[in-house]
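The values are calculated or read from the model by the stated rules, or taken from the named source; none is laboratory data. Keep in mind the model is a prediction, meaning the values are calculated, not measured. Using ideal geometry, Cβ is built from the backbone for each residue, glycine included, and neighbour counts are taken over all protein chains shown. To get the accessible areas, we keep the full protein, side chains included, count just its heavy atoms, and leave off ligands, DNA and RNA. Shrake-Rupley method; radii C 1.70, N 1.55, O 1.52, S 1.80 Å.
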Amino acid sequence: MSKKNNVILIGFMGVGKGTVAREIVKSSDYFSIDTDDLIESIENRKVKTIFKEEGEAYFRALEKRCAIWLEKNVDNTIISTGGGFFKQENIQDIGKIIYLESSFEGILNRIHSAPNAKAKLKKRPLLKDLNLAKKLFKLRVEDYKRVSDLTINVENRDIKDIVKDILGNI
Ligand code: S3P
């Protein structure tokens, strides 16, 4: 099957996938969808609550449903994803995959300098323990690169510059 005209943003928690997607929408004709938002909408509860009440495996099954739905039904869209969505088997069939790259320290700096830093940390169960989060980051880094069609470094870069880079590549 030929690739669809979607752009899928992957990368670690807090790297700015949603922010980049929203900024692309401002300067293009694309619409955007976020996989965590989709899941929260069908479940009518927050990701954090889903993790707490049902566990991670249940959440991953929802991501899988979401991936199948996106492949079948969505085109011409910027899709921002949860940090673990890159594992979906059919991700290559959903569209062009862009990895937003930053060091772990760069991500922590970004989160801590946000006005709503506390909320950003609170809504992410897998960021609760920073040692574990760093281990997870190290485990995932190579896989993010491997599944992506393109890597864009976002560390310490102006958002407008990042968006220009992405729009020039899609
Ligand atoms: C997760 C990242 C989160 C969310 C869930 C699990 C992960 O999304 O999907 O908490 O496994 O990295 P963000 O990347 O938007 O924080």
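Annotations
- Contact annotation: no residue pair with Cβ atoms under 7 Å, 6 or more positions apart or on different chains, pairs a residue in the range 119-135 that is within 17 Å of residue 55 (Cβ to Cβ) and hydroxyl-bearing (Ser, Thr, Tyr) with a partner that is more than 11 Å from the ligand (Cβ to nearest atom) and modelled with pLDDT of 95 or more.
- Test: residue 89 is closer than 23 Å to residue 4 by Cβ and open to solvent by 40 Å² or more (accessible area, probe 1.4 Å): yes
- Consider the range 37-49 and keep the residues that are open to solvent by 40 Å² or more (accessible area, probe 1.4 Å) and touching a residue at least 60 places away in the same chain (Cβ under 8 Å). The one that is nearest to the ligand (Cβ to nearest atom) is 48.
- Residue check, residue 94 touching a residue at least 40 places away in the same chain (Cβ under 8 Å), open to solvent by less than 30 Å² (accessible area, probe 1.4 Å) and either within 19 Å of residue 10 (Cβ to Cβ) or more than 16 Å from the chain's Cα centre (by Cα) (or both): yes
- Residues (assigned to a helix (DSSP H, G or I) and either of a type in the set (S, T, N, Q) or touching a residue at least 12 places away in the same chain (Cβ under 8 Å) (or both)) located in the range 142-170: 143, 144, 145, 147, 159, 160, 162, 163, 165, 166, 167, 169
- Scanning the range 50-65 for residues that are of a type outside the set (Phe, Trp, Tyr) and more than 10 Å from the ligand (Cβ to nearest atom) yields 52, 53, 54, 55, 57, 61, 64, 65.
- Breaking point among (1) open to solvent by less than 40 Å² (accessible area, probe 1.4 Å); (2) touching a strand residue (DSSP E or B) at 6+ places or on another chain (Cβ under 8 Å), for residue 84: (2)
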